[in-house]
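Worksheet: the structure to be examined is printed underneath.
The values are calculated or read from the model by the stated rules, or taken from the named source; none is laboratory data. Because the structure is a prediction, the values reported are computed rather than measured. Cβ placement follows ideal geometry from the backbone for every residue including glycine, while neighbour counts extend to all protein chains displayed. With ligands, DNA and RNA removed, areas are computed over all heavy atoms of the protein, side chains included. Shrake-Rupley method; radii C 1.70, N 1.55, O 1.52, S 1.80 Å.
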Amino acid sequence: MASIKFHFRPSARGEIQEGKLFIRIIHRRRIKTLSTPYRLFPDEWNDKEQCVNFATRTPDRVYLLLDIARRLEKDQLRYATLLSELSSGSEYSIEEILRRMCPGEPVAGLRSYCYQLSCRLEQQDQHRTARAYRSAVSSLEKFAGRSLYLCDITTSFMISYERYLREKQLQMNTISFYMRNLRAIYYRAIKDKKIKPREDNPFEQVYTGVYETRRRALNQQELNQLARLDGKLDPIRDKKLRQALYIFLFCFHARGMSFVDMAHLKKSDLKGENILYKRRKTGRWLEVKLTRQMKQILRYFQHTDGKLLFPLLDLREANLRLQYERRLMEQNKLLGVLQQRAGIPGRLTTHCSRHTWATLAKRAGIQTEVISEGLGHSDIRTTYKYLASFERSTLDTVSDKVSAIVNIPGKIA
């Protein structure tokens, strides 16, 4: 008679880290082991009774242990039924037990399914999504320390994974990035009938929201500091830095034009004293008047080969998206160098030009509705998010002035 039992493997780092439960199958003196997604501390597992030991724990930990115990009970019942069915028939091997325990493993492998999904997405020109899926799966398997199957995505496993990411001190938006992509893979797998949906949602107890970070906008002094770098850059040695500076300033003067729209601008988009272009994000047509500063920058790039206004993309190449993302990364890297040379605090990125235009327009007394129209936003709520840092900084200034009215005498112990 075969036996299927759970066993605990402690962490190599000692009792301060969770160990892993694994399954040991014994049949005709042959032994096979299978990994499980369950992670416990040594005092949380009773090997003799084959059950979770509820030691004194915080309410959150007890909830997690209850979830693991419930799933273990289901697994144990399923394995007992499996052995009963096999014993009532003809002879069977340990390989047959494994096959019945993990039906369709090759097709339900998380990495293999993600690879198939990524290929489909890349054929649809969704390269960024494909890379995001692969990145999320790699992170999850690094946490698990093994290859995973789609059926490994359970509530308790994802809670443990989130705790692992938090312990690595990742930002909440980074954690959410991984979780949202894994959730998308999971639901696509259900749609493709690779796995059956679970009773509960494995992602219900983990963070999948988006934390609104403080928008970075330059003030007038910082913007002038950046612009004055032009006279300090070496014409030959700093050629790439000068181009990056001009591109940033062009986006600012063009009513906060986004980097992606600027990179795809064609010479045919020049209509007399204006630029007429279609926003790639919203599909809205925008017409921007050419300012004196924009004309100066365009004269610098006037000898650019091809149909585009700026020498960032090669339309003859098929992978325009990949080209754009490489240029975006390069531009942000160069902006980091410019920021340091200008002595500007914080992090300077391509999107800062857009936020800077919106913020300076607000400081100049322009109504939010007009700013929204200038940016080409389809929803004014997006504009309010852009201006959130302006509102907060204004309130901070007011708070400082009010607090200065009353001084606390002496020192507070």
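Table for the structure above
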read-out: Any hit, the range 143-152, residues being modelled with pLDDT of 80 or more and surrounded by fewer than 16 Cβ atoms within 10 Å (Cβ to Cβ); value: yes
read-out: Selected residue (criterion: nearest to Ser118 (Cα to Cα)) from residues of the range 163-181 that are part of a helix (DSSP H, G or I) and of a type in the set (D, E, K, R); value: Arg180
read-out: Lone qualifier among Ser118, Ser176, Ser160, Ser135 - being touching a residue at least 12 places away in the same chain (Cβ under 8 Å) and open to solvent by 20 Å² or more (accessible area, probe 1.4 Å); value: Ser135
read-out: Search result, residues across the range 235-257 that are part of a loop (DSSP other than H, G, I, E, B) and either open to solvent by 10 Å² or more (accessible area, probe 1.4 Å) or without any contact (Cβ under 8 Å) to a residue 60 or more places away in the chain (or both); value: Pro235, Ile236, Arg237, Asp238, Ala254, Arg255
read-out: Which listed residue, of Arg316, Arg326, Arg341, Arg347, is at pLDDT 85 or above, open to solvent by 80 Å² or more (accessible area, probe 1.4 Å) and part of a loop (DSSP other than H, G, I, E, B); value: Arg347
read-out: Matching residues, the range 18-53, being more than 30 Å from Ser90 (Cα to Cα) and surrounded by fewer than 13 Cβ atoms within 10 Å (Cβ to Cβ); value: Asp43, Asn46, Asp47, Lys48, Glu49
read-out: The range 277-294: number of residues that are among the β-branched types (Val, Ile, Thr), open to solvent by 20 Å² or more (accessible area, probe 1.4 Å) and under 13 Å from Phe250 (Cβ atoms); value: 1
read-out: Residue among Leu312, Leu335 that alone is touching a residue at least 24 places away in the same chain (Cβ under 8 Å), within 25 Å of Asp125 (Cβ to Cβ) and of a type in the set (A, V, I, L, M, F, W, C); value: Leu312
